[in-house]
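The structure appears below as structure tokens.
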């Protein structure tokens, strides 16, 4: 029995050591983010993370303990082969999760879960940087090999030397194995292990994220429900509804900016176009010179924010006026999206012909399901272009999309509603032009792709001004979401979510700047109010140009939200059940932000 307990003890040290080293690798790989932490804070990520490490190791050790128990009664050659094979298999499985998470976190800002599995496919492969993939693969090989070698040298010989023992020993081993239930559960209270257990920092989300055991996080999301049901327990329902209603007072009147009752409407939704690349929004000069110029020709909204952090969330926020969610994307559930309001349908009822053009795979992330159910009559996708111009890993580059859009618009019956979704400024940023922004680092390549897309949009506008339909057309330019670059911003950073909203065209009355704080969800009722058809179905959409508008915006990231009011800003962390930031916000305003999330949760759950 003693020999088996020694094996179990060594396995415990081995697996806990593996988890600790894996977290150290995460901190080292994301060194630019880790630089924001003090040395003590990095040590605290390891210390607080031990609780979840113990939970994850508990699962592995319970399985090993049961094998050791069984071997005490029926010992043979099968046992070392089985235990060694199981351990190596777990090392490979865990190593894959740990290594994928290293690079994934840099882009998505949250620890690995099942979300990336939803985006697997031809489109998802387009965002993979070959150099990053090779680097991560090399780390995987080294880390897994070193871990396997340690096991084979330090533990496997002890396993090989075990002999049969008594039934009493087997009972003791079984009892010891059962004790691993305690670290697995993580507490003696009614609350089982969850990510909130390891959150310790009140302001730095990255420190809390680093404390999470990514293997546990992934497996927990695998076993989770296929359709998330969010809690609705901040306030009693009537109180939450009252606080929420205060954000959307009945509109008394609106500032008219359209010169026509039924202008043509073109949406240009630009991939990843953060405000940080647009000079009039405080961005870097020279990255988007054409958009910088166009900002002086139309109506610029300079306090505008994305609702979420991915294209699928941005599309629904823009076209259905519906906010992003912190743990999932409603586009995954057609049974829910078909109950959303649709700007396409609203305009169709006003006599608009509609179409959607995108150079990528329209089956990516359930795009086709949503676009079809929302009422688009015609979809133009990568399959409608010649193979010889399918040069991007994502699909057709923006210059060809803009050319095709112009050709389609010239033959479309007016009034028309057309949505153009770009893609060239998505990873891996392999745009078909001579490098304008020097540098091979990710940030320089991103900025270079933004310059390319900006040129494509500028050329589109130049040609559109020559078209017969220009004088009766409104073009609405915005982004699907922001981006971590330039500056490699944290996921919770409000600047990461600030994006452009620009309205221009022959049907726009004048050029001006609107300072009202607003978000993607507000586009729907702002547009419909100009057409004298605002709709209460868009319950999360305000008319930005109403005279009694409440200036605010909400953005969601994984397991948290940011809430912006005039001169005030707060960030809430759901797992930690705390505000990471509450800049000048009163308790009443904090409650309003919570009420907004509760109403969103209730509405999502009911769909």
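Based on this model, can you work out whether residue 420 counts as closer than 30 Å to residue 339 by Cβ, touching a residue at least 40 places away in the same chain (Cβ under 8 Å), in the same structural domain as residue 314 (by TED's automatic domain parsing) and not in a loop (DSSP other than H, G, I, E, B)? Even if it seems obvious, please write down each step before you answer.
Working: closer than 30 Å to residue 339 by Cβ: yes; touching a residue at least 40 places away in the same chain (Cβ under 8 Å): yes; in the same structural domain as residue 314 (by TED's automatic domain parsing): yes; not in a loop (DSSP other than H, G, I, E, B): yes.
For residue 420, the condition - closer than 30 Å to residue 339 by Cβ, touching a residue at least 40 places away in the same chain (Cβ under 8 Å), in the same structural domain as residue 314 (by TED's automatic domain parsing) and not in a loop (DSSP other than H, G, I, E, B) - is met.
Mind telling me which of the residues 55, 71, 85 ends up being closer than 20 Å to residue 195 by Cα and either in a helix (DSSP H, G or I) or in the same structural domain as residue 111 (by TED's automatic domain parsing) (or both)?
Details: 71 fails: closer than 20 Å to residue 195 by Cα; 85 fails: closer than 20 Å to residue 195 by Cα.
Matching residue, one of 55, 71, 85: 55.
Might you let me know whether the range 258-265 holds any residue that is modelled with pLDDT under 95, part of a helix (DSSP H, G or I) and surrounded by 13 or more Cβ atoms within 10 Å (Cβ to Cβ)?
The answer is no; no qualifying residue exists.
If we only count helices (runs of 4 or more DSSP H) wholly inside the range 128-186, which ones have 3 or more residues that are assigned by TED's automatic domain parsing to the domain that holds residue 15 and surrounded by fewer than 13 Cβ atoms within 10 Å (Cβ to Cβ)? Don't jump to the end; show me each part of the working.
Numbers: elements: 130-154, 156-160, 167-178, 181-185.
Fully inside the range 128-186 and qualifying: 130-154, 167-178.
Any idea how many residues of the range 321-364 are at pLDDT 90 or above, part of a helix (DSSP H, G or I) and under 24 Å from residue 108 (Cβ atoms)?
So the count comes out to 1.
Evaluate the range 576-585: report whether one residue or more is within 20 Å of residue 242 (Cα to Cα) and assigned to a loop (DSSP other than H, G, I, E, B).
Going through the range 576-585, the residues within 20 Å of residue 242 (Cα to Cα) turn out to be 585.
Filter once more, keeping what is assigned to a loop (DSSP other than H, G, I, E, B): 585.
Yes - at least one qualifying residue is present in the range 576-585.
Would you mention how many residues in the range 402-450 are surrounded by 17 or more Cβ atoms within 10 Å (Cβ to Cβ), within 22 Å of residue 352 (Cα to Cα) and out of contact with any strand residue (DSSP E or B) (no Cβ under 8 Å at 6 or more places or on another chain)?
Summing the residues that are surrounded by 17 or more Cβ atoms within 10 Å (Cβ to Cβ), within 22 Å of residue 352 (Cα to Cα) and out of contact with any strand residue (DSSP E or B) (no Cβ under 8 Å at 6 or more places or on another chain) in the range 402-450 gives 0.
Could you figure out which of (1) surrounded by 19 or more Cβ atoms within 10 Å (Cβ to Cβ); (2) touching a residue at least 40 places away in the same chain (Cβ under 8 Å); (3) in contact with a strand residue (DSSP E or B) (Cβ under 7 Å, 6 or more places away or on another chain) isn't true of residue 524?
If we test residue 524 against (1) surrounded by 19 or more Cβ atoms within 10 Å (Cβ to Cβ); (2) touching a residue at least 40 places away in the same chain (Cβ under 8 Å); (3) in contact with a strand residue (DSSP E or B) (Cβ under 7 Å, 6 or more places away or on another chain), just (3) comes out false.
Residue under question is residue 44, and the condition is that it be surrounded by 15 or more Cβ atoms within 10 Å (Cβ to Cβ) and closer than 18 Å to residue 179 by Cα; does it hold? Talk me through it step by step, then tell me what you get.
Numbers: surrounded by 15 or more Cβ atoms within 10 Å (Cβ to Cβ): yes; closer than 18 Å to residue 179 by Cα: no.
No; evaluated as a whole, the condition is false for this residue.
Within the range 88-103, work out how many residues are crowded, with 21+ Cβ neighbours inside 10 Å and either free of Cβ contacts under 8 Å to residues at least 60 places away in the same chain or not in a helix (DSSP H, G or I) (or both).
2
Considering only the range 577-606, state which residues are surrounded by 14 or more Cβ atoms within 10 Å (Cβ to Cβ), farther than 19 Å from residue 550 by Cβ, touching a residue at least 60 places away in the same chain (Cβ under 8 Å) and in contact with a helix residue (DSSP H, G or I) (Cβ under 8 Å, 6 or more places away or on another chain).
580, 602, 604
What helices (runs of 4 or more DSSP H), lying completely within the range 432-540, carry at least 1 residues that are farther than 21 Å from residue 561 by Cβ and either in contact with a helix residue (DSSP H, G or I) (Cβ under 8 Å, 6 or more places away or on another chain) or at pLDDT below 95 (or both)?
Numbers: elements: 442-464, 494-497, 523-530.
Filter on the range 432-540 gives 442-464, 523-530.
Give 11, 37 a once-over and let me know the one that is modelled with pLDDT of 90 or more, buried (at least 18 other Cβ atoms within 10 Å of the Cβ) and not in a helix (DSSP H, G or I). Reasoning before the result, please.
Numbers: 11 fails: not in a helix (DSSP H, G or I).
When all the criteria are applied, what remains is 37.
Would it be correct to say that residue 202 is assigned by TED's automatic domain parsing to the domain that holds residue 27 and either assigned to a loop (DSSP other than H, G, I, E, B) or within 30 Å of residue 36 (Cβ to Cβ) (or both)?
Yes, satisfied.
The values are calculated or read from the model by the stated rules, or taken from the named source; none is laboratory data. This structure is a prediction, so every number in the text was calculated from the model and none was measured. So basically every Cβ, Gly included, is an ideal-geometry build from the backbone, and we count neighbours across all protein chains shown.
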